[in-house]
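The block underneath contains the structure these notes are about, expressed in structure tokens.
We did not get these values from a lab; they are worked out from the coordinates using the rules stated. This structure is a prediction, so every number in the text was calculated from the model and none was measured.
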Amino acid sequence: MAKLLNGVIKFTVAAAAVSGICYLFRDDLKSSKTYQKYEVDEKINKAKTVVKDKTATIKDKAATLKEKAPWNKSADVEDEAIEGEDTADRDYVSIDAEEAAADAEAAVETAAEAVTEAASDAAEKAEDIIGKVEDAVTE
């Protein structure tokens with residue numbers, strides 16, 4: 001592992017040294033015959049325009065894919081359902097608070113009566129069982 005790290009560090013230092021030398025002598029390199037022969041400036045400009053064009057098309061494709069994504073469609077459908085004309089035909093029922101409170105009180109009273117009846121029945125049965133147990137113990 002140390003050899004690999006040592007190799008990476010050597011390569012990085014060498015690349016930095018070469019780029020530093022190229023930067024120092026950039027004017028001499030641009031005026032050289034080889035630089036002029038291979039038209040490096042034109043190739044660099046061409047590469048830049050190709051990259052710009054490709055990024056623009058990739059961004060357009062990404063936007064198109066984002067619009068076609070299923071999570072975007074479901075949100076649009078929900079919005080259309082909410083904002084559509086079907087909402088105008090809905091029947092809404094208004095709730096009277098006093099009537100609802102009276103209904104709730106009646107339901108509570110009915111439940112309370114049922115609980116009291118069940119409790120009194122259970123108490124009577126418990127007394128009967130206690131009486132039978134006492135009779136069985138005394139015999």
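Just a few scattered comments:
- Per-residue ³J(HN,Hα) for region 41-54, Karplus 6.51 cos²θ - 1.76 cosθ + 1.60, θ = phi - 60°, Hz, x for Gly and Pro: 4, 5, 5, 5, 5, 5, 5, 5, 5, 4, 5, 4, 5, 5
- Averaging Cα coordinates gives a centre for region 94-116 and one for region 1-49; these two points are 87 Å apart.
- Under 17 Å from LYS33, Cα to Cα: lysines that are on another chain or at least 8 residues apart: LYS43
- Between ALA56 and ALA102, the contour length at 0.36 nm per residue exceeds the alpha carbon distance by 9.8 nm.
- Rounded, prolate or oblate (a/c below 1.5 giving rounded, otherwise prolate when a/b exceeds b/c) for region 1-43 by Cα gyration tensor: prolate
- Here the 3J(HN,Hα) profile of region 106-113, calculated from phi with Karplus coefficients 6.51, -1.76 and 1.60 at θ = phi - 60°, is 5, 5, 5, 5, 4, 5, 5, 5 Hz, Gly and Pro shown as x.
- Pairs exceeding a 32 Å alpha-carbon distance, out of LYS37/LYS59; LYS30/LYS54; LYS10/LYS61; LYS10/LYS59: LYS37/LYS59; LYS10/LYS61; LYS10/LYS59.
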